[in-house]
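What follows draws every value from the coordinates through simple rules; no lab data is involved. Nothing here was measured: the structure is a model prediction, and the numbers come from that model. Ideal geometry is used to build each Cβ from the backbone, glycine not excepted, and the neighbour counts take in all protein chains shown.
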Ligand code: C5P
């Protein structure tokens, strides 16, 4: 970033999984490592932005020069992102937010019940990026779409349904996407798209931030 395209801008990035507690010792989580989001946060910092990183439970060091807020559940991430994004220019939702949570969290460890099935009712979590998109002065919104099939169709549908400005789609499963160092992305925005071929997540994040800066700045007319 020779000329630091995001100098003076505020960027909020969410990263990692969320954990939805079932009881004091069990939870529902997912395989997001947080690496892509952490790399995006570092790349946005290098592009000159003031960066806040909202991190789910991950074991990654905080990139220097970044404000980090740790959360656990989707609802905690929702609250932290909404607070941080209020005056932000750009929000990048790289977190793999749990879609559902147990409707009640047991106060004590659940016990086996003589072979009877255990039923846990799951209720929907709020959609963080879709909530942000309804705000009157909303940041430029970038979502991620991790799909195991029909990448383009689901990604473009997500872009429209969530009313966001860009979606970064990647294939997951079988050594792709989660828990690996390399990734490839296909970017979609309302009137265009771009392919970022497979490369290390750190480099991919820099290319992604360059594309975000370009779309964001063309939207603000600067
Ligand atoms: O619908 P899906 O979860 O696949 O969409 C992924 C995108 O939506 C990601 O950017 C993710 O961070 C965001 N998301 C969210 N709140 C949720 C679920 C997903 O912000 N509850």
If you line up the long axis of helix 35-46 against the longest principal axis of the chain, both from Cα atoms, how many degrees apart are they, to the nearest 10? 30
Span from the the stretch 180-206 Cα centroid across to the the stretch 24-80 one, whole angstrom: 19
In degrees rounded to 10, the 0-90 angle between helix 201-220 Cα long axis and the longest Cα principal axis of the chain is 60
So the angle from the long Cα axis of helix 74-85 to the longest Cα principal axis of the chain, reported in degrees to the nearest 10, equals 20
Highest average packing first - 58-68, 162-172, Cβ atoms within 10 Å: 162-172, 58-68
Please give the FRET efficiency for residue 134 paired with residue 174, using the beta carbon to beta carbon distance and R0 = 41 Å, rounded to the nearest 0.05. 0.70
Which percent, to the nearest 5, of DSSP beta bridges fully inside the stretch 14-81 are antiparallel? 35
With Rg and the Kirkwood Rh both taken from Cα atoms, where does Rg over Rh land for the stretch 58-206? 1.01
Net lengthening on full extension, residue 203/residue 110 (0.36 nm per residue, minus Cα-Cα): 29.0 nm
Length gain on complete extension for the stretch residue 217 to residue 148, per 0.36 nm per residue less the alpha carbon to alpha carbon distance? 21.6 nm
In Å and from the alpha-carbon atoms only, list the Rg and Dmax of the stretch 1-67. 14.3, 50
Provide, for q = 0.19, 0.20, 0.22 Å⁻¹, the log10 of I(q)/I(0) from a solvent-free Debye sum over equal Cα point scatterers in the stretch 151-222. -0.80, -0.87, -1.01
What helix-only [θ] at 222 nm does the chain give? Using -39500 (n - 2.57) per DSSP H run of at least 4, over all residues, to the nearest 500, the answer is -8500 deg cm²/dmol
For the residue 87, residue 31 Cβ pair and Förster radius 45 Å, calculated FRET efficiency rounded to 0.05 is 0.85
Determine, at each q value in 0.22 (inverse angstroms), the log₁₀ of I(q)/I(0) that the Debye formula gives when each Cα of the stretch 1-116 is one equal point scatterer. -1.13
Within the stretch 5-33, name every residue whose backbone N is under 17 Å away from a label modeled 7 Å from Cα of residue 124 along the Cβ vector. none
